[in-house]
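J.: Here it is, the structure in full.
The values are calculated or read from the model by the stated rules, or taken from the named source; none is laboratory data. The shown structure was predicted, so the numbers you read here are calculated from the model rather than taken from an experiment. Reconstructed Cβ throughout: ideal geometry from the backbone, glycine too, with neighbour counts over all protein chains shown. Each accessible area value is taken on the protein alone, full model and side chains, heavy atoms only, with ligands, DNA and RNA left out. Shrake-Rupley method; radii C 1.70, N 1.55, O 1.52, S 1.80 Å.
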Amino acid sequence: MQVDRLHLDLGGRVTGVDLAKTLDDETVTALRDAIDEYSVLCFPDQAMTDEAQLALTGQLGEPEEGHVKFGTTGEIDYLATIGNVVDATTKRDNADAYTLSQKGNNLWHSDSSFRSVPSYVSILHGYEIPGEGGETEFVSQRAAYARLDPERQLEIDDLYVLHDYVFSRSKIAPVHDNHAASLPPVAHPLVRTNPNTGERNFYVGSHARSIIGWSGIDSRRLIDELNELATEPTAVYSHHWSPGDTVFWDNRCVLHRGAGYDANKWRRYMRQTRVAGTPKVT
Ligand code: OGA
Ligand code: MN
C-alpha cells in the first residue's frame, strides 16, 4: 500500500489496495492508521459494488444506519445514493425534492455530527460523474485548531456545542416531521482528541447551532469564526472525481461539502456508507 500526500493539511492518494476484496488484518490496521494520519484517503480504480462496500464498511467497524429513511419510515438501510440517478435511463432534475434536499450537502459539515454517536468515517464510491462540477471539498479542523494561538485554544477547550440537523438543513429544504422528530439536538465537546495520536481538533460545521450556556450572539460569533478559519480557501482539498474512485473521510476531524452540479444536464451516481464512531468521545 502506497500513500501520496495530496494537501499539506489532509488527503492521501492510496494505491496498492483492492478495497472490493476481503482485507487482511494488517491492511485494516494500515487503513486505520492512514485515516488517523491523512484524514481523507482517495483510492482510484476500485472495482466496487454495493455488497463489497457494505463488507468494507463492516471491516472498519460498525456500519451506521441511515437516518433519513429510519427517521421518516422506521426502516433501516446502510447505503445511501448520493446524486440524481434513478436508473440507467432516468435521473432527477434540479427541481426534484431529493435533488434539493441533497443541496444541504453543499454546506460544510461532518456526517452525523447531529447524532448522539456521530460517524467515524464515511465511504463514498463514484460510479457516474458530471462532466462539470460535482467535486467534493475537504478541510481539516485539526490543522485549523493548530492555527489558533494557545490562549485561544485554552478558551475553547472545555466548551460543548449543540448540533442540530433541523437547524442546518431546514434552511435548504423542508425536513419531514417524522425525520425531525427522530433527531433532537445533541451536545458534543467542541474540542475532540484523536484517541490514537492525541491530536486535537475543534468540531463544528453547519450542524453546530450554539455553545451550551452561551447567548445566541456569542455562540454564532464563535462558531462562525471557527468555521471560517477551518474553510479558508488555501485549506481546501477539492476532490475531482473519476468513475471508480472510492474516498474515505474522517468525520471526527474533517469538514466536507459538495461543490454542486447541474442536475438538469448531468448524471451523478455515488453510493455512501458510514462507519459509526465510538459511543463516548472526548
Ligand atoms: C456525503 C456528502 C458531498 C458530495 O456524501 O456525505 O456530503 O459531494 N457528499 O456529494
Ligand atoms: Mn456529507
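J.: Restricting attention to the range 86-122, report how many residues are surrounded by 15 or more Cβ atoms within 10 Å (Cβ to Cβ) and closer than 30 Å to ARG142 by Cα.
T.: 21
J.: Give the residues of the range 100-143 that are among the aliphatic types (A, V, I, L, M) and under 17 Å from the mean Cα position of the chain (by Cα), sorted by residue number. Don't jump to the end; show me each part of the working.
T.: Looking only at the range 100-143, we keep the residues that are among the aliphatic types (A, V, I, L, M), and these are 100, 107, 117, 121, 123-124, 129, 139, 143.
Listed by number, the residues that qualify are LEU107, VAL117, VAL121, ILE123, LEU124, VAL139, ALA143.
J.: Another question, then. Filter the range 246-268 for residues that are within 16 Å of ligand 2 (Cβ to nearest atom) and either among the acidic types (Asp, Glu) or part of a strand (DSSP E or B) (or both) and give the result. Explain how you work it out, then say what you get.
T.: Filtering the range 246-268 down to residues within 16 Å of ligand 2 (Cβ to nearest atom) leaves 246-261, 268.
Residues satisfying the conditions are THR246, VAL247, PHE248, TRP249, ASP250, VAL254, LEU255, HIS256, ARG257, GLY258.
J.: Further question: Of all residues in the range 21-61 being open to solvent by less than 40 Å² (accessible area, probe 1.4 Å) and part of a loop (DSSP other than H, G, I, E, B), which is farthest from TYR237 (Cα to Cα)?
T.: Restricting to residues being open to solvent by less than 40 Å² (accessible area, probe 1.4 Å) and part of a loop (DSSP other than H, G, I, E, B), the top hit is LEU23.
J.: When you go through ARG271, ARG252, ARG257 one by one, which is the residue that is buried (at least 18 other Cβ atoms within 10 Å of the Cβ), more than 24 Å from ASN84 (Cβ to Cβ), among the charged types (D, E, K, R) and within 15 Å of ligand 1 (Cβ to nearest atom)? If you could, list the steps in order and put the result at the bottom.
T.: Numbers: ARG271 fails: more than 24 Å from ASN84 (Cβ to Cβ); ARG257 fails: more than 24 Å from ASN84 (Cβ to Cβ).
Criteria check complete, one pass: ARG252.
J.: Taking PRO195 as the residue in question, decide whether it is without any contact (Cβ under 8 Å) to a residue 24 or more places away in the chain, more than 30 Å from ASP87 (Cα to Cα) and surrounded by fewer than 16 Cβ atoms within 10 Å (Cβ to Cβ). Can you show your working first?
T.: Values: without any contact (Cβ under 8 Å) to a residue 24 or more places away in the chain: no; more than 30 Å from ASP87 (Cα to Cα): yes; surrounded by fewer than 16 Cβ atoms within 10 Å (Cβ to Cβ): yes.
No: the conditions fail for PRO195.
J.: Next up: Which one of the conditions (1) in contact with a helix residue (DSSP H, G or I) (Cβ under 9 Å, 6 or more places away or on another chain); (2) within 16 Å of ligand 1 (Cβ to nearest atom); (3) hydroxyl-bearing (Ser, Thr, Tyr) does THR99 fail to meet, given that it meets all the rest?
T.: The failed condition is (1).
J.: Go through ASP77, ASP87, ASP93 for me and flag whichever is within 19 Å of PRO174 (Cα to Cα), modelled with pLDDT of 95 or more and in a loop (DSSP other than H, G, I, E, B).
T.: Residue meeting the stated conditions: ASP93.
J.: Among the residues of the range 1-51, which ones are in contact with a Phe, Trp or Tyr (Cβ under 6 Å, 6 or more places away or on another chain) and without any contact (Cβ under 8 Å) to a residue 40 or more places away in the chain?
T.: GLY12, VAL14
J.: In the range 83-115, how many are within 16 Å of ligand 2 (Cβ to nearest atom) and among the small types (Gly, Ala, Ser)?
T.: Count: 6.
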